[in-house]
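Structure first, then comments.
The values are calculated or read from the model by the stated rules, or taken from the named source; none is laboratory data. Keep in mind that this is a model prediction, so the values were computed, not measured. Virtual Cβ from ideal backbone geometry, glycine too; neighbours counted across all protein chains shown. Keep in mind that these areas ignore ligands, DNA and RNA; they rest on the heavy atoms of the full protein, side chains included. Shrake-Rupley method; radii C 1.70, N 1.55, O 1.52, S 1.80 Å.
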Amino acid sequence: MPDDDANGLFGSFRDPSGFVFKNGGQVYRQINKCYRNNYDFFIKSGLYERLVKDGLMVTHEKAVISPPDPAAAYAIIRPEQVPFISFPYEWCFGQLKDAASLTLNIQKIALEYGMTLKDANAFNIQFIGCRPVLIDTLSFERYRPGRPWIAYRQFCQHFLAPLALMAKVDVRLGWLMENYIDGIPLDLTAALLPKRTRLSFPLLANIHLHARSLKKATEREPDIKNRKMSKAALLGLIDNLESAISKLKWEPAHSLWSDYYDENNYSKFSFDNKLAIVEKFLKEARPANVWDLGSNTGIFARLASNAGIPTVTFDQDYSAVETSYRKARHDGEKNFLPLVMELLNPSGGTGWENRERKSFVERGPADTVLALALIHHLAIRNNLPLEKIAEFFNKICNKLIIEFVPKEDSRVKKMLACREDIFGNYNFDGFCRAFGKYFDMKGSVTIDKSSRSIHLMKRRP
Amino acid sequence: MIRSDTIRSTLTRALFIACLTPILVLFLSDDAQAYIDPSSGSYFLQFLLAGLLGAVFSVKMFWRRITGLLRNPGRKGGDKNA
């Protein structure tokens, strides 16, 4: 695949105000001349300073490097670097809700300074650790009295619609955001939501009536000339959206996975021994960053993040990720980002040419991957040959801390209880053969009072 | 051979365009940034709800100011947006 990052990251082409590009491994943003007035006002009005002071937006500094498009360039800035780019369809309910509240808060502050958000795109919000921030410096324009909020529909599609579906129908509907890059269509949202949601005024107005209004407008263009919207009405709209968002709630269930540590077949002794082994291997690996696959609530990943290593965790279970996120927010964890991901079908490249938003694999490789109590789920429950699993890890990491769970383990026995054992190669020798094709074994330790073992591997150059 | 009045006229026109362009850019630049389609249906709904939402918001802010004054009689002012 051609790497066009130097001329502009592929996902940054819709807004003519500027674009993001990479230079020497760093992300920069070109601000175009057509955005000059708005950018200057954004800085001079004090809005930028206020948003940075309140921790709502990434900082940036002017950069002295040659612009990729000199004819259009007004300035080049170097924004605060985001350790890992995540997408709204990978966020748990709490993350999307916090991102929505952040967007509305920024819009209210912008209006105080005579500006307004010209877009309300969920992809413009990123998480640095567990803290959501706006990353798009070009999202603001001068507020023109009388004009409605241009980004109202986008806000409803990117935030309110998925949150309402997650809270009122099924939390897994958050994945719809992967299919709809400009947010979930409001007519689809209205059709999927239960009828009782019409009794809530914020949902009635911003989803159901909004969907109808959009449909009517395609049949007959409404007369909106000479109409004005007062600032009080605009603030009322924002207030109403805030009310809609704050009323949407979802509580994590005690799912199989969120209770996994309480119900697994380790004794307390073995569990503590496993923690010590992982900690030892992490010290040996000295990772620049860590991904934990099948992380559950992130107990092992926190061994890395608490040591100051930027850590991203992935789990398919919304309850486990929500629990993990709430703990991270509560404790103000700066190096810990939990995400929802189905490893058997990870986020693909989406948008224009399948390149607007990068796939999970394209956002790697990670320095070190943790794969604890995972391999039996992939190999036995989901019929993935060990060779395919090793090939995948070879693509996504330089170092690997992996747990091997043999057939003698009670969990594997349970998996095989109701099905034929077609996994002749699933044994320690087969494991070593498959992974030995790509990795050098740097250390192996058997967990005390358990048949399981943990291995540190390094990818061959 | 090019006549001097033709040259003068061309220079005047170039000067006029050079002066006008920044003015046009200044006035048109705001519209140039509105890159997303707000949708007329979405605008229409906002106008439709404007009166109600504006009134509710004003009452809310007024009420907040009153309760704020009752709680802290010594403090003046209220919400900046009210």
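Within 10 Å of the Cβ of each residue in A:446-459, the mean number of Cβ atoms contributed by other protein chains is 0.
Computed over neighbours whose Cβ is under 11 Å from that of residue A:412, the net charge equals +3, Lys and Arg +1, Asp and Glu -1.
Could you tell me which residue out of A:41, A:12, A:66 lies farthest along the dipole of segment A:1-156 toward its positive end? Charges go on the beta carbon: Lys and Arg +1, Asp and Glu -1, centred on the Cα centre. Selected residue: A:41. DSSP beta bridges fully contained in chain A are about 65 percent antiparallel. Within the straight-line cut-off of under 24 Å between alpha carbons, the lysines reachable from residue A:97 are A:53, A:108, A:118, A:168, A:195, A:247, A:249, A:327, A:334, A:358, B:60, sequence neighbours fewer than 8 places apart in one chain being disregarded. Atom-type composition of the exposed protein surface of chain A places 51 percent of the accessible area on carbon and sulfur (1.4 angstrom probe).
Counting Cβ atoms of other protein chains within 10 Å of each Cβ in A:217-229 and taking the mean gives 4. Shown is the FRET efficiency for residue A:188 and residue A:354, computed with R0 = 22 Å from the Cβ-Cβ distance and rounded to the nearest 0.05: 0.50.
Give the cross-link partners of residue A:413 among the lysines, using a straight C-alpha distance below 25 Å as the criterion and excluding same-chain residues fewer than 8 apart. Of all the lysines, those that pass the test against residue A:413 - Cα under 25 Å, at least 8 places apart if same chain - are A:268, A:274, A:388, A:449.
Annotation for segment A:24-93 versus segment A:148-191: alpha-carbon center distance of 26 Å.
If both residues of a DSSP beta bridge must be in segment A:260-459, then about 45% of such bridges are antiparallel. Suppose only helical runs count, i.e. DSSP H with n ≥ 4. What mean residue ellipticity at 222 nm does that imply for chain A under -39500 (n - 2.57) per run, divided by all residues and rounded to the nearest 500 deg cm²/dmol? After summing the helix terms and dividing by the residues of chain A, the value is -9500 deg cm²/dmol. Note that segment A:52-61 has calculated 3J(HN,Hα) couplings of 5, 4, 7, x, 9, 9, 6, 7, 8, 9 Hz, one per residue in order, obtained from phi through the Karplus relation 6.51 cos²θ - 1.76 cosθ + 1.60 (θ = phi - 60°); glycine and proline are x.
Think of chain A as having a plus end and a minus end, set by charges on the Cβ of Lys, Arg, Asp and Glu; of A:162, A:245, A:446, A:245 sits farthest toward the positive end of this dipole. Its relative contact order, with pairs defined as Cα atoms under 8 Å and 6+ residues apart, puts chain A at 12 percent.
Only the Cβ atoms of Lys and Arg (+1) and of Asp and Glu (-1) were treated as charged; on that basis the dipole of the protein assembly as shown about its Cα centre amounts to roughly 1600 debye. Under 5 Å from the amide H of residue A:339 lie the amide H atoms of A:313, A:314, A:315, each residue being 5 or more positions distant or on a separate chain, with H modelled from the backbone and absent for Pro and chain starts.
Summing charges over neighbours of residue A:171, with a neighbour being any other residue whose Cβ is under 11 Å away from its Cβ, gives -2 when K and R count +1 and D and E count -1.
Per-residue 3J(HN,Hα) values for segment A:379-388, derived from phi via the Karplus relation 6.51 cos²θ - 1.76 cosθ + 1.60 with θ = phi - 60°, read 7, 8, 6, 10, 6, 8, x, 4, 4, 5 Hz in sequence order (x marks Gly and Pro).
Computed 3J(HN,Hα) for segment A:27-43, one whole-Hz value per residue from the Karplus formula 6.51 cos²θ - 1.76 cosθ + 1.60 where θ = phi - 60°, is 8, 10, 10, 8, 9, 7, 4, 5, 9, 3, 4, 5, 5, 4, 5, 4, 7, glycine and proline marked x. Measuring r between the beta carbons of residue A:73 and residue A:44 and using R0 = 22 Å, the FRET efficiency lands at 0.65. Amide H contacts for residue A:118 (H built 1.01 Å from N in the peptide plane; partners 5 or more residues away or on another chain; cut-off under 5 Å): A:140, A:141. The Cα atoms of chain A define a convex hull whose projected area, averaged across directions, is 24.7 nm².
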